[in-house]
Every structure is written in C-alpha cells, then in structure tokens.
Amino acid sequence: MDRILDRIDQPADLKGLGREELEQLARELRREIITTVSRTGGHLASSLGVVELTLALYRVFDLPADKIVWDVGHQAYAHKILTGRREAFKTLRRLGGISGFPRRQESPYDFFGAGHASTSISAALGMAAARDRRGGKEKIIAFLGDGALTGGTALEALNQGGRHRNILVVLNANEMAISPSVGAISEYLSRILSAPFYNRVKAEVSAIVEKIPAIGFKMVEVVRKLEESVKGLIVPGLIFEEFGYRYFGPVDGHNLESLLEILENIRRIDEPVLLHAVTRKGKGYQPAEEHPETFHGASPFRIKTGRPLRRPASLSYSEICGRTLTALAPKTPELVAITAAMCSGTGLTGFARRYPDRFFDVGIAEGHALTFAAGMAADGLRPVVAVYSTFLQRGYDQIVHDICLQNLPVILAVDRAGLVGEDGATHQGIFDIAFLRHIPNLTLIQPRNGEELSSFIEAALGRDGPVAIRYPRGATGLTKITKPFRRYPWGRAARVAEGDEGEIWAIGPMVETALAAAGILKERGRSFGVVNTRFIKPLDGELLRSSAAAGLKIVSLEEHILAGGLGSALGEELDASGRGRTPLFRIGIPDRFVEHGTVAELREICGLTPERVAERISRRFPASAG
C-alpha cells in the first residue's frame, strides 16, 4: 500500500487531502517518528502528541508565507518531516544529519532556531513587528507547550502580545486532563465564537451601538462582559483575555475535524488569538503514553517493548549528585534541592521522593530558581541548584547580583558540562567556565570522577560562600556512592603523573585523556606529567608556579571553549606571578558552536582524543626544541 507520506514534500501538499487521508497521514507520521527515534534517540513523547495539531496548522495556513515559530523544538519532528526532510529524517541527531531542533540554516520553514524553552512568543512578536513595518499581512504563529509558560520570557511576551494584530499563539497543554463534557461544550463555544458570522455581526453591532449617544460605549461594554461571563463559566482562559488575546479552547488537539474548522475561522481574525489545545504526550505509542517522562528525551529503544537498547553499566554523574544529596540530607537538615523542570534529568528523583518537603521544582525558570535559592540561603538554608550548563546561561544576572554579590552559600550543581553529544549546538555545555570564572566570591570546581564529585558536594556544604561544581554527562564507572566521603585539600590541585619536560593541566574527564596522551608521548620518548586541576577558581597557584620554576612547559586541556576557560586562567596566573614567559599551550574547543554527533565523534573533531592531544603537543613542542 502506497504511503500518503511519500507524496508530501512541503506543507502545500496537504491542501488537497481529505479528512480520512489526513487521519491516515497522522498514523504514518507517528510510525515514521517512532521508527527513527528508536534508532537515533530523541524527543519522542512530545512530538507524538502534536501530530494532528501540526497537520491542521499546515493544512489551514500558507507556509512559508505564514510563519510558525516552534518553542524548544521538542514537538517539531512532524514539522521536519512535512517540510522537505522526510528522507533526511533518518539522520536525526547524527553527525552530519539534521538537528533535533529547528535551525534556520537547515530549512526555509525553520523560521526561528530554538533549543531552550519559552522563546517562541517573543520571536513571533518580533516577526509580527517586522511584518507590520513592511506592510505585510501574513499570520505569525507561536507554538508552545504549557510547560513553556512557566518561563518568565513567555509571560513577558504574553504581556506585550495583545498589542499586535494577526498573531496566533497555540498553547499545547499536554499535561492537563479535561472532562469530556467540559471539553465538548468548550469546543462548541470556540467554534461559535471564532466563526466569521459571529465576529462579523459582533463588529457591525458594536459599530452601530457605539454611535448611539450616551449609551453606546456602555452598551458595548455590557456586551463584552456578557460574552466574558458566558465563557468564564466553562473556559479557563480569561487570564489570556486580560492580556489582550481572543481565547479559544480548550479543544481536543487530536480531533482533526474540529481543529480544521476552528483554525479556518481563526485564520480570518485579524487580532491576537490564543488557541488552547489539549493533547496526550506519546499519543499512539503505548510505552510513551504510559511513561511520557521516560520518552521525553529517549535513547535508542526496542519498539516492541519500549526498553532501551543499551542499559548503562554504572551510575551517571547526575545520579551520583542526586544520591549524594540524599545521603547527606539526614545529617544536614538545612540542605534543600532545587531544579528547573529537570528533576529526572538532574538525578533528583530519589531525593524528591524521599524528602518532598525539601525539594523544589520551579518550572522552566532558571533565573527565578537562582534568586529563590539566594533567598533560602539568606535565611539559613543550604540550597543546591541542579541545572544543566546550557540552561544556567539563562540565569547569569541572578548568579552575579543575587548570589555572588551577597556571597551567599548556594551550590550550583552544573550538570552536562562539556560536550553533550546528539542534542547539538544549543545544548553543549562549553561556556560556563568563561561566564562563571570571573565572578568574585565564587569557587569553581570540576571533579575528575564520580567519587570526587560526591566528596566536593559534601565539602561545599560546609563553605560560607557560593560554589559551582561542574560535571559532564555520562557514566562514572561507579555503581554506588562511596561513604564516608574522602576529604580533598580545598583549593589544591593534584599531580597524578610526573614529567620532566612538561605538564598537562586537565579538568574532569580530560584528566583521563591527558594520562592516555602522556602515555602516547612517553612511547615517543617524551616526558609529560599530568595535573588534576580540580579547582578552576581559585587555581592552585603554588603548584603552577613550582612547575613553571622547574622549567616545565604547561599544557591546558579542557572540554570547554578556549576563550575564558582553564587555559586562560593558567595564563593569567602565570602572568600575575611573573612567569608570563613560561611556554603555555591551550587545548580546548575553538571559537565556534559545536554541532550534533556522539561525544566520541565530537571529541575527535575538536582534537580532544588522546591521540590528537599527543599529536598537537608534539607539533607545538617538537622534540628538537628540548
């Protein structure tokens, strides 16, 4: 049987399809998404939940003249398939393949790039303002999930949005349940209130009544309030009306017939509109419907069972962090944990279950999470904020102004620091050293392994000021945390291998890379030692100065952007101590965004494998140079 999907190369191809063909196409899209993500990994549950919504939008509106801005991109897999990337979809998240998120460089239908939440309404408003400046008439559509509304950026944009015409916000509520009766009545009302006849009569009556002396404007206000009152009985959307949007919903986001009718009506409304659709995450794939969080960001899995193809043999760094906090909680009653909508991802599920009154999920609101933590610390608690490096960027001012300026004892557990792999440029954690290292009062640490991570978390809880501990994505090799925790000298590095010619100062997983590279160099008759730097700030200046005084060449090795990273810190320390002429070679990530691929592939590309590191050191410091 021929697939309808094979005939779809662009959104315009949907125009001639009947409802039954669209229903069939929805099933084919789901099969395509499930099959591909089972092999490549990716954001499955969210994308399965919006298939009908995507089809309805692309059938009704005229892309690319009209523009749809996707929030985050977790829900955009059907969008990618329907916009000329059906064959390329098999390369999702693979090196050289298509991104898991919208990218302007990838397709003319990706109107705005996104990998972080809550940006779509702001971007859509910017496009609407640009359209109005040039006299355009196209519809601008922002598509976001209800989780994105926990982000301040989305709420700020909503506050402005009511002043722009011809804009549609599609709010996909995929975590809500509405009873069938309320949903049916609400959908009926949305169809009536969005219909051209109703809106034409409303406009004409308002225009006539306003001309009646003395009572005109009062009567218009009475009619408006009557409409609001009727809607308010059954529609949870008056807050959006107050922001200046015409609100329609909640509607069933899987009912194509209803969606097509409502969107056709909305297409004619030249006002800011918010459509509230309710969908089910993982729709059409039972394992994802039953466990949507597991299939939010899934690794490759068996379609029949939903089970991962590979199970990790050891605990991840995230799990080590969470288990350490759980172990420390009984003897540290002031310890609390905070996350920004990433409880599972940051390893805090066990802590939250064990200590629900000491766990706080603030939603997709990193800036708020940090100031919230500062307030806790100011009143005697010891908050640990577990956040991905790429999302910590969103709370920079709060780190400076609310935490470090006041020297408050907040611990930043900076997860996914370094290359993260298939999520690509929007998620690589390669900037945090540069934007944290220069802030006064802040201590910045990167442990070598999971055992050091546990130990430094415990040590940080005893410090008086802010501490950031960065650690990578991936397995630690540990199957349990080690208790009691070891004590390491605060602010000191550790020389883990001796060398007569030079030293490689490395952090985190790069310590193992440095040891392997030093072994390769030794086979070539070269002698380079290795230092586990541990503390990026404060650096162990004493050890660095002694190495420089001994005439050793210094190499920095970091899975981080070179500008402002560990190598920069070493150079500054050498210069300040009068050792600025010490040969210093910085190895890290060059001045560019790193695309998607496996971590191993990306390390090879960035020259961070043992073989490449040894080769680069040999080129920079030839043996003949002594």
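Read the figures in this text as sums done on the coordinates, not as results from a lab. Owing to the predicted nature of the structure, the values given are computational and were not obtained by experimental measurement. A quick note on method: Cβ atoms are made from the backbone with ideal geometry, for glycine too, and the neighbour counts reach across all protein chains shown.
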Checklist entry - In what sequence do His560, His401 fall when counting other Cβ within 10 Å, fewest first? => result His401, His560
Item to check | Three-way shape label, region 495-625, alpha-carbon gyration tensor, a/c 1.5 | outcome: oblate
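Quickly rank 387-393, 58-64 as a protection proxy: mean count of other C-beta atoms within 10 Å, highest first.
Numbers: 387-393: 24.0, 58-64: 20.1.
Descending mean neighbour count gives 387-393, 58-64.
Let's test the formula: R0 of 22 Å, r as the Cβ-Cβ distance of Arg163 and Ile239. What FRET efficiency results, to the nearest 0.05? Intermediate values should be presented prior to the final figure.
Details: r = 17 Å, r/R0 = 0.76.
Computed FRET efficiency for Arg163 and Ile239 comes out at 0.85.
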Item to check | Qualifying trypsin sites (Lys or Arg not before Pro) for region 70-139 [loop in DSSP, other Cβ within 10 Å: at most 14] | outcome: Arg104, Arg134, Lys137
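For Ser546 and His291, calculate 0.36 nm times their separation in residues minus their Cα-Cα distance, and state this gained length in nm to one decimal.
On the way: separation 255, 0.36 × 255 = 91.80 nm, distance 5.51 nm.
The Ser546-His291 span can extend by a further 86.3 nm.
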Checklist entry - Residue-wise, which Karplus ³J(HN,Hα) couplings in Hz belong to region 394-407, taking 6.51 cos²θ - 1.76 cosθ + 1.60, θ = phi - 60°, and x for glycine or proline? => result 6, x, 4, 4, 5, 5, 6, 7, 9, 9, 6, 4, 9, 6
Next on the checklist: Test of understanding: extend the Cα→C-beta vector of Thr482 to 7 Å, then name every residue of region 411-453 with backbone N under 13 Å from that spot.
Outcome noted: 448-453
Checklist entry - Taking region 33-106, which GluC sites (Glu not before Pro) meet the DSSP loop condition and have no more than 12 other C-beta atoms within 10 Å? => result Glu87
Next on the checklist: For region 391-474, which trypsin sites (Lys or Arg not before Pro) pass both filters: DSSP loop (anything but H, G, I, E, B) and at most 13 other C-beta atoms within 10 Å?
Outcome noted: Arg463
Item to check | Label-point gap, in nm, between Asp146 and Asp464 - each point 7 angstrom along Cα→Cβ | outcome: 4.7 nm
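Just want to confirm a number: the relative contact order over region 430-549, from Cα pairs under 8 angstrom separated by 6+ residues, in percent. Don't jump to the answer; show the numbers that get you there.
Details: 183 pairs, mean separation 36.5, N = 120.
Reported relative contact order: 30 percent.
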Next on the checklist: I'd like the distance separating the alpha-carbon centroids of region 456-480 and region 307-334, in whole Å.
Outcome noted: 11 Å
Checklist entry - Roughly what would the spin-label model give for Trp490 and Ala12, points 7 Å off Cα along C-beta, in nm? => result 6.7 nm
Checklist entry - What is the order of Ser122, Ser618, Ser46, fewest Cβ neighbours within 10 Å to most? => result Ser618, Ser122, Ser46
Checklist outcome for this item: Residue ranges of DSSP H helices in the chain that stretch 27 Å or more (Cα, own long axis) and have mean Kyte-Doolittle hydropathy of at least -0.5 are 216-234
Checklist entry - Taking the alpha-carbon centroid of each part, what is the distance from region 362-376 to region 594-616 in angstrom? => result 35 Å
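Considering every pair of different Cα atoms, what Kirkwood radius, in Å, is found for the chain? All intermediate terms of the calculation are to be shown ahead of the outcome.
On the way: mean 1/r = 0.0373 Å⁻¹.
After inverting the mean inverse Cα-Cα distance, the result is 26.8 Å.
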Next on the checklist: Could you list His368, His291 so that the one with the fewest beta carbons within 10 Å of its beta carbon is first and the one with the most is last?
Outcome noted: His291, His368
Checklist outcome for this item: If unit charges are put on Cβ atoms (+1 for Lys and Arg, -1 for Asp and Glu) and the dipole of the chain is taken about its Cα centre, the option from His43, Gly564, Gln160 lying farthest towards the positive end turns out to be Gly564
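About the Cα centre, and with charges only on the beta carbon of Lys, Arg (+1) and Asp, Glu (-1), how big is the dipole of region 340-445? Nearest 20 debye, please.
Dipole of region 340-445, to the nearest 20 debye: 260 debye.
Taking R0 as 25 Å, what FRET efficiency do you get between Leu155 and Ala130 from their Cβ-Cβ distance, rounded to the nearest 0.05? Let's see the in-between values first.
Details: r = 22 Å, r/R0 = 0.90.
Calculated transfer efficiency: 0.65.
Using only Cα atoms, what is the ratio of the radius of gyration of region 431-581 to 2.2 N^0.38 Å? List each step's numbers first, then the result.
Working: Rg = 15.3 Å, N = 151, 2.2 N^0.38 = 14.8 Å.
After normalising by residue count via 2.2 N^0.38 Å, the value is 1.04.
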Checklist outcome for this item: So for region 317-470, using the alpha carbon gyration tensor with a ≥ b ≥ c as root eigenvalues (a/c under 1.5 gives rounded; past that, a/b versus b/c decides prolate or oblate), I'd call it rounded
